[in-house]
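The values are calculated or read from the model by the stated rules, or taken from the named source; none is laboratory data. Everything quoted here is computed from the prediction, not taken from an experiment. Heads up, the Cβs are rebuilt from the backbone with ideal geometry, glycines too, and the neighbour counts pull from every protein chain shown. Ligands, DNA and RNA are excluded from the accessible area calculation, which covers all protein heavy atoms including side chains. Shrake-Rupley method; radii C 1.70, N 1.55, O 1.52, S 1.80 Å.
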Amino acid sequence: MLNYLKSKSKKFQAVAAAVTLGLASFSGFAAEPIKIGLVAALSGQSAKSGEAITRGLSIAIDEINENGGVLGRPLELIRRDDESNPSKGLLAARELIQKEKVAALFGGLDTPVSLAIVPLVNSLKVPFVGAWAAGTPITRNGAKDNYVFRVSAVDELVDEALVKYGIKHYDMKKPGMILINNPWGESNEVGFKKALEKRDMAYTGIERIEASDLDVVPQLTRLKNQGTDVLLMVANVAPSAQVVKSLDRMGWDVPILSHWGPAGGRFGELAGANASKVHFVQTYTFTDENSAKGEKVWQALKKKYPEIKTIADVTPAVGISNAYDAMHLTALAIAKAGSTKGQKVRDAFYQIDNYEGLIKTYQFPFTKDEHDALGPDDYVFTHFVDHKIVPIKH
């Protein structure tokens, strides 16, 4: 078994807003490292999502490198901050692919950023692995030659799960939608309508919110006046928090079922005392009773990141878990390909037969027709309790 010294990090380059990890020499490896790219939100309201993905990738890379790397070469993570901006994300992805020559590229929280990157990776034939963004068209992008894979939730499947949850636990009959005004919101509008039409259930209305909104009382008032009995919400941290605070100002106590946007940052802090009323989807949570794999990753996290003391310090765990499993699956694909060439690696994703991951044991997770490794059976409903994301007990 080959060993290597953990790579040192370059200093943050403030002007370029770019972060590069692991550019030092790798002792014990004679060959050049295989570069793995990450384009994610490393600053701003959603910075915790980028941090979580980084941690998941890093723990997986440490494990892989400690066991000899891939093709006899160490893996090296290189990050770039997309600032939740599609144009910046596209530029960062192009630089990582064309200049840094990454063998695979990982994406972050924001669906609009990932959608901007999809045509680029399909054109340049570089595997792009989603570790968070759930927009249905990211993987189901219509490309004849599709290089996009995902270990994360999928909007259309999440929307189905949210509707089923609302009916089961709240006897939902008149749902109303409050959606972020961007492609992610549009993706979920399609998914919600499909799930409701399947049940011959009408919705009371669809309201849009902006990331910069500080008051959404007008939108919520319209939904309330239309008789809404459950809110179906899709937005990231800041606008989701504004929904909760606007409901408080209105004095409207209505169930809120949400996609996982609130998990991407400081929602518990920003939303206030009623943050716990929002029930949202996750793919994984660390608990006081982890599985054997979960406990192994949990201990590795605490060792590598001393600031992690309790479960609250790994919020959001979904970014860690998705990225951890996605990195191991990507390493398996590169190993099966016997090469870092994009097309060979892409085709090797279809050859992965079994991997005992953190979220689940994967059995043939990818096919030519299915590039999403997780489905609705892999979702768990959670909420914030004392700034911790915990499973809901009914």
Worksheet item: In the stretch 218-229, is there at least one residue being touching a residue at least 24 places away in the same chain (Cβ under 8 Å) and closer than 25 Å to Glu269 by Cβ?
Response: yes
Worksheet item: Of the conditions (1) crowded, with 23+ Cβ neighbours inside 10 Å; (2) under 24 Å from Val237 (Cα atoms); (3) among the polar types (S, T, N, Q), Thr330 fails just one. Which one is it?
Response: (2)
Worksheet entry | Failed criterion for Tyr350 (all others in (1) in contact with a strand residue (DSSP E or B) (Cβ under 6 Å, 6 or more places away or on another chain); (2) modelled with pLDDT of 95 or more hold) | (1)
Worksheet, complete the sentence: Restricting the stretch 324-359 to residues that are among the charged types (D, E, K, R) and in contact with a helix residue (DSSP H, G or I) (Cβ under 6 Å, 6 or more places away or on another chain), the one farthest from Asp145 (Cα to Cα) turns out to be Lys336
Worksheet entry | Elements of type helices (runs of 4 or more DSSP H) contained in the stretch 42-158, each with 3 or more residues being in contact with a strand residue (DSSP E or B) (Cβ under 8 Å, 6 or more places away or on another chain), small (Gly, Ala, Ser) and crowded, with 21+ Cβ neighbours inside 10 Å | 47-66, 86-98
Worksheet item: Just for the stretch 303-323: of the residues that are farther than 19 Å from Val390 by Cα and touching an Asp or Glu at 6+ places or on another chain (Cβ under 9 Å), which one is least open to solvent (accessible area, probe 1.4 Å)?
Response: Tyr305
Discussion item. Filter the stretch 340-364 down to the residues that are surrounded by 14 or more Cβ atoms within 10 Å (Cβ to Cβ), touching a residue at least 40 places away in the same chain (Cβ under 8 Å) and either part of a helix (DSSP H, G or I) or of a type outside the set (Val, Ile, Thr) (or both) and list them by number.
Written reply: Gly342, Gln343, Val345, Arg346, Phe349, Gly357, Leu358
Response to the item:
Across the stretch 43-70, the tally of residues that are touching a Gly at 6+ places or on another chain (Cβ under 7 Å) and within 19 Å of Ala331 (Cβ to Cβ) stands at 2
Worksheet item: Of all residues in the stretch 59-93, which are among the small types (Gly, Ala, Ser) and either farther than 22 Å from Ala317 by Cβ or modelled with pLDDT under 95 (or both)?
Response: Gly68, Gly69, Gly72, Ser84, Ser87, Gly89, Ala92, Ala93
Fill in: Pairs with Cβ under 6 Å, 6+ apart, first in the stretch 48-76 and within 25 Å of Glu269 (Cβ to Cβ), second of a type in the set (Gly, Ala, Ser) and in a helix (DSSP H, G or I)
Ser49/Gly264; Ser49/Gly319; Ala52/Gly319; Ile53/Gly319; Ile53/Ala323; Gly56/Ala323
Response to the item:
Note on Thr382: of the conditions (1) open to solvent by 30 Å² or more (accessible area, probe 1.4 Å); (2) in contact (Cβ under 8 Å) with a residue 12 or more places away in the chain; (3) among the polar types (S, T, N, Q), unmet is (1)
Item to complete: Just need a number here: residues in the stretch 2-41 that are closer than 19 Å to Ala104 by Cβ, part of a loop (DSSP other than H, G, I, E, B) and at pLDDT below 50.
Response: 4
Practice prompt. Would you mention how many residues in the stretch 254-305 are of a type in the set (Asp, Glu) and either in contact (Cβ under 8 Å) with a residue 12 or more places away in the chain or under 22 Å from Glu160 (Cα atoms) (or both)?
Written response: 2
